[in-house]
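Contents: one structure, followed by commentary.
The values are calculated or read from the model by the stated rules, or taken from the named source; none is laboratory data. Remember, predicted model here, so these are calculated numbers, not experimental data. Note that we place each Cβ from the backbone using ideal geometry, even for glycine, and neighbour counts take in every protein chain shown. Quick note on the areas: whole protein, heavy atoms, side chains included, nothing else; ligands and nucleic acids left out. Shrake-Rupley method; radii C 1.70, N 1.55, O 1.52, S 1.80 Å.
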Amino acid sequence: MRKLTFILTLFITIFGLSSSVIAAGAVEPAYEKEEYHLDADQYAKFPLPLSKYEKKTTEDGKTDLGATLKYRAAQQNGFNLWATIIFVCAIVHTFLAGFFTEMAHKHEKRHQEKIKAEGRTACAKPHDDAKDDVSFRAHLFHFLGEVEAIFGIWVIALVAAIFYFFGISEHGFAEGMGVGFKQVEYYLGKDVNFTEPLFVVIIMAISATRPVVRFAEKIVGSVARLLGGGPAGWWLSVLTITPLLGSFITEPAAMTISAMLLAKWFYSKRPPALFAYATLGLLFVNVSVGGTLTHFAAPPVLMVAAKWNFGLGFMFINFGWKAAIAILASNAIYYAAFRKHFADLAKRLDGTEDNKIKWADREDPIPGWVTLCHLIFLAWTVLTAHYPVLFIGGFMFFIGFTQATGHHQNEVSMKSPLLVGFFLAGLVIHGKCQAWWIEPLLTTFDNKYILMFGSTLLTAFNDNAAITYLASQAPGLPIMSKYAVLAGAVTGGGLTVIANAPNPAGQSLLGKYFDGGVAPAKLAMAAIIPTIICGAAFMSIPTSGMYEDPKPKVEVTATDSHDHDDHKGHDH
């Protein structure tokens, strides 16, 4: 297992550093950042920068949404439309994951019966270390049913579309394959930023280690004891304290710790399915809004903090304390609704005390200096979150430290972090090609409630960080629109697994407690009530940041400059 951890860590290092190596090549960008208002030079021909699109307006000068979407969908020979169709197929696939998992189980059962009858099991073979013959078909269906792998699987279809639209259709098959490959290389190797997926892999692996979880368990446990202890006390404290802690240790770390504590103190007792889904939906929403006390921990906030000047004070005054109130209110409502089930869970807890404790669940003390070193590694990862070379390098030292203190550790599990990273990488690849339709939907309406609702709804079908990022690219947004978009993005972060970057981590750790995996429709239904509560808290409690822009002068200048360059861009 240690060799596997080393190999996986080495893979992460190579993957994280490869983008820097590729970027060193002298290649002319297709779109320069200054001319097209991009955050960095873009090397692939797609997707078109937003400033390249012509404005489609009605007779009274307002944006014509229908004409805008129709015009943009047809650009680059229809690539925009096909990229979105592929993205929608990936979303639909997530709803069918349970079907593929069930098929995998059927094929595996059939395969086991077959190899047993034909003498192809490990026991029937003459070797000491023999293994059963495996079913390729069963493993294929299992892979198709792995939610964390779905968006990565559909990247294959997107790559095929890139080969066709930017290679084969323009240059024929032979030459087009080479041209298409170059476009894929530029897009994946230069234009797509994989920093967030890599960061989530590392922070999730460190957060799930025994010393970190035990430290968090002590903090949350002290609150749980004040609330009476038992499943009810732990349930309330985990769903209240840890999401708010995410504002300081980042949301992915908070999700990992919350999921592991809930697995131990709640899900291991096998609560009713309705209660299990309600808790998962509540967890996802709480973590999504709990990171808004600061300006650096929640991905959707981070995307706009610098550009909109949403600093630490602004976030706490206008979002943070409202999020805390919403979390407390949501927890109170769900606690009241499922209160009668806690007594049953407590009985199940009492009935498991005599069971033999597994090594991974041992309660022997961990030296303070070991825990302190883990927290330092965790802090280093958070502080260097934007620099893969630094946080991946730190993780290499961390792996060495865990092996040197192995008797205080459990194995550093890399399976779940890597799957989550794969999920987010696929989502980033697809999401970058969706700006053509998301941007006009966010900027066409000026009603704050419509914008907030639209942002919440869009977040359910795309990563909420992508929603706020696209809004930050729109020039001249009034402060109320900025506030509404950000409020909607963090509010809707619990509706689906893809809505918020930490959600896949929670599903990966808790999915085994749901028969057939987490059902997307049931998760959305479970998250609706806390989503409404959070939305109401953000939009109905007035604060100065809803009406006073912290950086108005810069926004006006940027608008004028953008309008001037827009005319320049249209001449290209």
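One table, with the values for the structure above:
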quantity: Computed FRET value (nearest 0.05) for F95 with I532, which takes r as the C-beta separation and R₀ as 25 Å; calculated: 0.65
quantity: Distance between modelled label sites at H171 and D129, nm, 7 Å Cα→Cβ extension; calculated: 4.7
quantity: Stretch gain in nm, segment E35-W321, where the contour uses 0.36 nm per residue and the Cα spacing is subtracted; calculated: 99.0 nm
quantity: Hull-based mean projected area of the chain, where the convex hull spans the alpha carbons, in square nanometres; calculated: 29.8
quantity: Extension gain (nm, one decimal) between H139 and K340, 0.36 nm per residue minus Cα-Cα; calculated: 68.3 nm
quantity: Trypsin sites (Lys or Arg not before Pro) within segment 118-166, DSSP loop, no more than 16 other Cβ atoms inside 10 Å; calculated: R120, K131
quantity: Value of relative contact order over the chain, rounded to a whole percent, pairs C-alpha under 8 Å and six or more apart; calculated: 20
quantity: With every protein chain in place, segment 131-233: carbon and sulfur % of accessible area (1.4 Å); calculated: 68
quantity: Within the chain: Cβ-based charge dipole about Cα centre, in debye rounded to nearest 20 (Lys, Arg +1; Asp, Glu -1); calculated: 1980
quantity: Rounded FRET efficiency, nearest 0.05, which uses the C-beta distance separating K116 from L312 and R0 of 51 Å; calculated: 0.25
quantity: Placed amide H near A30: partners under 5 Å, 5+ positions off or other chain; calculated: Q42, Y43, A44
quantity: Cα gyration tensor shape for segment 248-356, rounded if a/c is under 1.5, else prolate or oblate; calculated: prolate
quantity: Extended-chain gain in nm, criterion 0.36 nm per residue less alpha-carbon gap, H386 and K70; calculated: 110.1 nm
quantity: Protein accessible area in segment 255-297, 1.4 Å probe - carbon and sulfur %; calculated: 74
quantity: Solvent-accessible area per residue for segment 104-208 (1.4 angstrom probe, square angstrom); calculated: 54
quantity: Cα long-axis angle, helix 195-207 against the chain (0 to 90 degrees, to the nearest 10); calculated: 20
quantity: For T444, distant residues with modelled amide H under 5 Å away; calculated: none
quantity: Cβ-Cβ FRET estimate between I366 and T58, R0 fixed at 60 Å, reported to 0.05; calculated: 0.35
quantity: Per-residue HN-Hα couplings for segment 213-221 [Karplus 6.51, -1.76, 1.60; θ = phi - 60°; Hz; x = Gly/Pro]; calculated: 5, 5, 5, 5, 5, 5, 5, 5, x
